[in-house]
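Asks: Okay, here's the structure, questions in a sec.
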Amino acid sequence: MIFLGTGGGRTVVFRQLRHSGGMWLHFGGKNIIIDPGPGSLIRMFERGLEPRDLDAVILSHRHLDHVADVASVVESATDANKNKLELLLAPYDALEGEDPVVLKYTKKGFKRVEITSIGNVYNIEDITIKPLISHIHQGAETYSLEFRYKDKVFVYVPCGRFYEDMLYAYPQNPDMMVFNTTFLKPNLNYYHLSAEEVERILEKVKPKKSVITHFSLQMLKAVPKKVAEDMSKRMALNVIAAEDGMKIEF
């Protein structure tokens, strides 16, 4: 996993206090870009990555900090739709709703375009992608996603307000979980997770490795690395704060 960006919240993303390019996942021999937000294409080249090596594009939800660069990435990866990628997976409102964020012509750059739905499982050869739970996130269908290849399990928990069902939605002891952790403490005025709420999930699920990312200005002031270190000590778990460009193996 390479973190092309770790910013979250309007101020951080739109002032680029942290980058916002999403995550490049190399998994089961495939390359997958998850949530290519503003600047994603530029960050790929900065990190020595080649968009034409991509096999799939995954969008957790339609908000611009997660999708703003999707057209640029697809154009580059497909050489203007000449070489099709395997899969585009995204919620209905990102693809087909009243105000879709994926341009129609870019869909031609994929062999398959799938709408994320609870109960379905999507495949890229031997990799399975499974939506685990629908999030409470204002103005956007949003889903946690499980990526599984043989005995390896990665879980992505994107934006959304915490609710009790999240404690029971995830497989036990996954190899890695990534949490969009926008705030330090719960904030009912916003539909985002806090570090305190992520701790509750970690205590229940106990991943082998956990990464917090998608930081607001509040989290940056609290110093994400220190927040992660404190979480690790309290729970005796491996919690890491992502940095722009960070590479993590699992």
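Only the coordinates and a few stated rules stand behind these numbers; no lab work does. From a predicted model like this one, the values you see are computed outputs, not experimental measurements. When we count neighbours, we look across all protein chains shown, and the Cβ atoms used for this are built from the backbone with ideal geometry, even at glycine.
Asks: Show me, for the range 73-90, the HN-Hα J-couplings you get by feeding each phi into the Karplus relation (A = 6.51, B = -1.76, C = 1.60, θ = phi - 60°), rounded to Hz, glycine and proline as x.
Replies: Result, ordered by residue: 5, 5, 4, 5, 5, 9, 6, 6, 6, 6, 10, 6, 7, 5, 8, 10, 10, 7 Hz.
Asks: Compute the length gained on full extension between ASN187 and TYR105: take 0.36 nm times their separation in residues and subtract their Cα-Cα distance, giving the result in nm to one decimal.
Replies: The span from ASN187 to TYR105 would gain 25.6 nm if fully extended.
Asks: What are the residues whose amide H is under 5 Å from the amide H of LEU85, where those residues sit 5 or more places off or on another chain and H is modelled from the backbone?
Replies: The list, which skips near neighbours in sequence, is PHE110, LYS111.
Asks: Just grab the label-to-label distance for MET235 and LYS150, each label 7 Å out from Cα along the Cβ direction, in nm (one decimal).
Replies: It works out to 2.8 nm between the two label points.
Asks: Would you kindly calculate the mean projected area, averaged across all directions, of the convex hull enclosing the Cα atoms of the range 2-241, in square nanometres?
Replies: With the hull built on Cα positions only, its mean projection is 11.9 nm².
Asks: Amide H to amide H under 5 Å from PHE215: which residues, 5+ apart in sequence or cross-chain, H placed 1.01 Å off N in plane?
Replies: Hits under the 5 Å cutoff: GLY7, GLY8.
Asks: At what distance in angstrom do the alpha carbon centres of the range 232-250 and the range 13-61 lie from each other?
Replies: 19 Å
Asks: Relative contact order, percent, of the range 84-215 when contacts are C-alpha pairs under 8 Å separated by at least 6 residues?
Replies: 17 percent
Asks: Same structure, new question: Read phi for every residue in the range 166-178 and hand back ³J(HN,Hα) as whole Hz from Karplus 6.51 cos²θ - 1.76 cosθ + 1.60, θ = phi - 60°, with x for Gly and Pro.
Replies: 3J(HN,Hα) across the range 166-178, in whole Hz: 5, 5, 10, 8, 10, x, 6, 6, x, 5, 8, 10, 10.
Asks: Output the relative contact order of the chain, whole-number percent, from Cα pairs under 8 angstrom with separation of 6+ residues.
Replies: 17 percent
Asks: Can you work out the Karplus-derived ³J(HN,Hα) for every residue in the range 12-21? Use 6.51 cos²θ - 1.76 cosθ + 1.60 with θ = phi - 60°, whole Hz, and x for glycine or proline.
Replies: Going residue by residue, I get 5, 6, 7, 9, 6, 5, 10, 5, 9, x Hz, with x marking Gly and Pro.
Asks: Whose amide H sits under 5 Å from the amide H of THR116, counting only residues 5 or more places off or on another chain, with H placed in the peptide plane?
Replies: Under 5 Å from the amide H of THR116 lie the amide H atoms of ALA90, TYR92, each far enough along the sequence or on another chain.
Asks: So which of LYS108/LYS150; LYS108/LYS247; LYS150/LYS208 end up more than 22 Å apart by C-alpha?
Replies: Violating the 22 Å limit, Cα to Cα: LYS108/LYS150; LYS108/LYS247.
Asks: If you don't mind, another one. Quick check on the exposure proxy: order ASP35, ASP165 from fewest to most C-beta atoms within 10 angstrom.
Replies: Lowest to highest Cβ neighbour count: ASP165, ASP35.
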